[in-house]
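The values are calculated or read from the model by the stated rules, or taken from the named source; none is laboratory data. The model shown is predicted, which means the values in this text are computed figures rather than measured ones. Heads up, the Cβs are rebuilt from the backbone with ideal geometry, glycines too, and the neighbour counts pull from every protein chain shown. Each accessible area value is taken on the protein alone, full model and side chains, heavy atoms only, with ligands, DNA and RNA left out. Shrake-Rupley method; radii C 1.70, N 1.55, O 1.52, S 1.80 Å.
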Amino acid sequence: MSGAVDQLLARLRTEDAVLVRVESTQGSAPREAGTWMAVWADALTATIGGGQLEFQATQEARELLAGQRAIDGIQRYPLGPSLGQCCGGVMFLSYQRITAADAPALQRELVAQLKPVALFGGGHVGAALARLLAALPFSVRWIDSRDGVFPDELPAQIDTEHSEPVQDAVAALAPGSRVLIMSFSHAEDLDIVIACLKRLRMRDDLPYIGLIGSKTKWATFSHRLEARGFTADELARITCPIGVPGITGKEPEVIAVAVAAQLLQSLG
């Protein structure tokens, strides 16, 4: 499963496009600032919200792509009066013709806009989750202490890291990272949890820390963490079990869907 960034980069190797971005909005709007779509001669990658706005923006982008018009600066689109959309707000769009030469800068820029996730564990559930997250608004730092566990080819949104000991990677995580812990070892899981709790004490910049496992596993971990001096309030920052309630399947792909849904809930 690949995300919109990968689809954009792959097609951009052989074909020019126009990148349409939502620069800002006023009032009710279908998408937020930072949203983008790539307009090709015969297709779209991603979406700025659909409906009449997207239809008009697509037409204008294709005229720019064909050299039939110029679009300078940011364009204002009132959604109610001129476009007949019930949102009623205003969207401000920019248009940029892009070529293969723009691919490296676009990859850095578009991935940087995604929400960072640190995924500890390259097992079956970790692999299923990484594939799913690549199609969602997340960038993934995928970490394991073992060599040779990661696929050779990965989406642009995923970077891998070998870390031994694995918990040392916690200190360098991007601020605001959502952390998922599902290593091959309970001992490693515990070490990663400890490193995350210590980081919360120092910086309090990890908004979600999820640990795969049962209530029994968490009870055991809680006793060990309390023995190390962590308080009940600190332990309450750890989510275990992970995933939205009501999804009971144990298949890696099912677990991945439940966990990804919980991550999306954490975005507020």
Check your understanding: Is one or more of the residues making up segment 100-117 of a type outside the set (D, E, K, R), open to solvent by less than 10 Å² (accessible area, probe 1.4 Å) and closer than 15 Å to Leu263 by Cα?
Key -> yes
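Against the condition assigned to a loop (DSSP other than H, G, I, E, B) and out of contact with any helix residue (DSSP H, G or I) (no Cβ under 7 Å at 6 or more places or on another chain), how does Asp189 come out, does it pass? Quick ask: steps written out before the conclusion?
Values: assigned to a loop (DSSP other than H, G, I, E, B): no; out of contact with any helix residue (DSSP H, G or I) (no Cβ under 7 Å at 6 or more places or on another chain): yes.
The answer is no for Asp189.
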Practice item. With the condition kept exactly as written, say whether any residue in segment 125-142 is out of contact with any helix residue (DSSP H, G or I) (no Cβ under 8 Å at 6 or more places or on another chain) and of a type in the set (S, T, N, Q). Key: no
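Check whether at least one residue in segment 25-36 is assigned to a strand (DSSP E or B), surrounded by fewer than 17 Cβ atoms within 10 Å (Cβ to Cβ) and modelled with pLDDT under 95, and report yes or no.
Looking only at segment 25-36, we keep the residues that are assigned to a strand (DSSP E or B), and these are 25-26, 36.
Next, from what is left, pick out any that are surrounded by fewer than 17 Cβ atoms within 10 Å (Cβ to Cβ): 26.
Filter once more, so that each one left must be modelled with pLDDT under 95: 26.
Scanning segment 25-36, I find at least one residue that is assigned to a strand (DSSP E or B), surrounded by fewer than 17 Cβ atoms within 10 Å (Cβ to Cβ) and modelled with pLDDT under 95, so the answer is yes.
I'd like to check something: does segment 196-206 contain any residue that is open to solvent by 40 Å² or more (accessible area, probe 1.4 Å) and outside any helix (DSSP H, G or I)? Before you say what the answer is, go through the steps one by one.
Initial filter on segment 196-206 (open to solvent by 40 Å² or more (accessible area, probe 1.4 Å)): 198, 201-204.
Subsequent filtering for residues that are outside any helix (DSSP H, G or I) retains 203-204.
Within segment 196-206, one or more residues are open to solvent by 40 Å² or more (accessible area, probe 1.4 Å) and outside any helix (DSSP H, G or I).
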Check your understanding: Conditions: (1) in contact with a strand residue (DSSP E or B) (Cβ under 9 Å, 6 or more places away or on another chain); (2) at negative phi; (3) surrounded by fewer than 16 Cβ atoms within 10 Å (Cβ to Cβ). Leu180 meets all but one. Number of the miss?
Key -> (3)
Revision key, fill the gap. Scanning segment 47-66 for residues that are of a type in the set (Gly, Ala, Ser) and surrounded by fewer than 17 Cβ atoms within 10 Å (Cβ to Cβ) gives Gly50, Gly51, Ala66
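Is it true that some residue in segment 206-229 is under 29 Å from Pro137 (Cβ atoms) and acidic (Asp, Glu)?
Here is the first cut: in segment 206-229, the ones under 29 Å from Pro137 (Cβ atoms) are 206-213, 218.
Those left that are additionally acidic (Asp, Glu): none.
Looking through segment 206-229, none of the residues is under 29 Å from Pro137 (Cβ atoms) and acidic (Asp, Glu).
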